[in-house]
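The structure appears below as structure tokens.
The values are calculated or read from the model by the stated rules, or taken from the named source; none is laboratory data. Note that the structure is predicted; figures quoted are calculated from it, not measured. Methodologically, a virtual Cβ is constructed for each residue, glycine included, from the backbone with ideal geometry; neighbour enumeration extends over all protein chains shown.
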Amino acid sequence: MTHAAIVKAARGVFEASGATPVDPAYIMPSDIPLELSGEAVRARLCVFTDHRGNEMVMRPDLTLPVAGREADRLAAGGSGAAAYCYAAEAFRLPAAPGDPMEFTQVGFEWFGQESTPYEDAEAFALVHEAVRACDVLPVAINMGDLAIFPAFIDALGLPRVTADLLKRAFRQEGGVRALVEAAPVPVEEDLVPTLEAKTPEAAEAAFRTALAARGIPLIGTRSVAEIVSGLRARAAAQSAGGAPQIVREVIGALAGVNCAAADAADQLDAIAARHRLSKATPAIERVARRMELIRDMLPDLKAICRFRSGFGRRFTYYDGFLFETLGPNLTDRQPIASGGRYDGLIAGLSSGRAAATAIGGVVRPDRVLRAKGRGA
């Protein structure tokens, strides 16, 4: 199959599901992906300045602009569920050798449907129907659920500042370990004005003053606002008593969950039972039911599905079920297909003026070609 034939085959599957074809705007303000995912993603974005001096980016994926269209529709008074599909270009600086900066994504996005294990399994099955239509066999499927860690943290009954800090740290590689293992450290005297400032603007100004007095340039990927927020959250968590031993034990146990997807719910349930965290049960039951449905829909894939509790996305608008499908001749950073749930994104894009559940998935034709042993 040629690249064009792969695009046509995958697009045909998604269009046959009843989704409306769309091709949203190619560019968007840079603050949309940066506010959703932090400055850490900046190195992958294609950034430029428009004629008015505004910082813009080429769309890094299709989910964001399609969700933006849906957020506008709902905020303007629209209602009801909606489904869209596309075969269009996205632009990201390569994460792996051989990947292009410009590439086609063929995918779909569902909004306003029920957020249940059944819809999760249906979206997963639709992606893999498209993969089959491209005549390629997956060699592995990685799964995760970004709702699991927050569910366990909430079940621990921690002070809110500590719980919120742990949830944010979960999104950063090594962030949770660094947080729970860090010894309490008194705040440096010159940073006290930053922590005591009454407004975000005053806090940022105080922090910049402290840096200037130390002769330290502001170099890195995080914004001043993110650094100040982190300082304040850490100080508040330490004031609340830091991370107790049970938190270390539970987090350590969760970090060890890396198993066949069919066994994931049992392993998570054992952790919850050991630490008497019954409030985590609904999230665990969702994992179990989803996998049962996927097994029934696609029994031939069960053997290659693995679940890892830390599996996630740097694009942090995802907040539930996630998966990546791997093919031959590619690294584990080059999935041929992927998808996930992002129920909170519409509210974020519309500044709270609208809300809708959401899940989507994509196929990468260039990688399908490479999986088949041909260059893109």
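Only one of the numbered conditions (1) out of contact with any helix residue (DSSP H, G or I) (no Cβ under 6 Å at 6 or more places or on another chain); (2) modelled with pLDDT of 95 or more is not met by Leu137, and that is (2). Checked against the criteria, Arg370 counts as part of a helix (DSSP H, G or I), farther than 26 Å from Phe149 by Cβ and either free of Cβ contacts under 8 Å to residues at least 60 places away in the same chain or out of contact with any strand residue (DSSP E or B) (no Cβ under 7 Å at 6 or more places or on another chain) (or both). Just give me the residues in the range 151-173 being under 14 Å from the mean Cα position of the chain (by Cα), farther than 15 Å from Arg308 by Cα and outside any loop (DSSP other than H, G, I, E, B), in sequence order. Residues satisfying the conditions are Lys167, Arg168, Ala169.
Taking the range 298-333 as the search range and keeping residues that are under 19 Å from Glu114 (Cα atoms) and in contact with an Asp or Glu (Cβ under 8 Å, 6 or more places away or on another chain), which one is surrounded by the most Cβ atoms within 10 Å (Cβ to Cβ)? The residue in question is Phe321. For the range 30-45, enumerate the residues that are modelled with pLDDT of 70 or more and farther than 16 Å from Thr63 by Cβ. Result: Ser30, Asp31, Ala43. With respect to (1) in a helix (DSSP H, G or I); (2) crowded, with 23+ Cβ neighbours inside 10 Å; (3) at pLDDT 80 or above; (4) under 17 Å from the mean Cα position of the chain (by Cα), the lone exception for Ala130 is condition (4). Within the range 98-117, the set of residues being more than 25 Å from Glu285 (Cβ to Cβ) and part of a strand (DSSP E or B) comprises Glu102, Phe103, Thr104, Gln105, Val106, Gly107, Phe108, Glu109.
Would the range 292-311 turn up any residue that is of a type in the set (S, T, N, Q) and either at pLDDT below 95 or within 30 Å of Leu45 (Cα to Cα) (or both)? Yes, because at least one residue in the range 292-311 is of a type in the set (S, T, N, Q) and either at pLDDT below 95 or within 30 Å of Leu45 (Cα to Cα) (or both).
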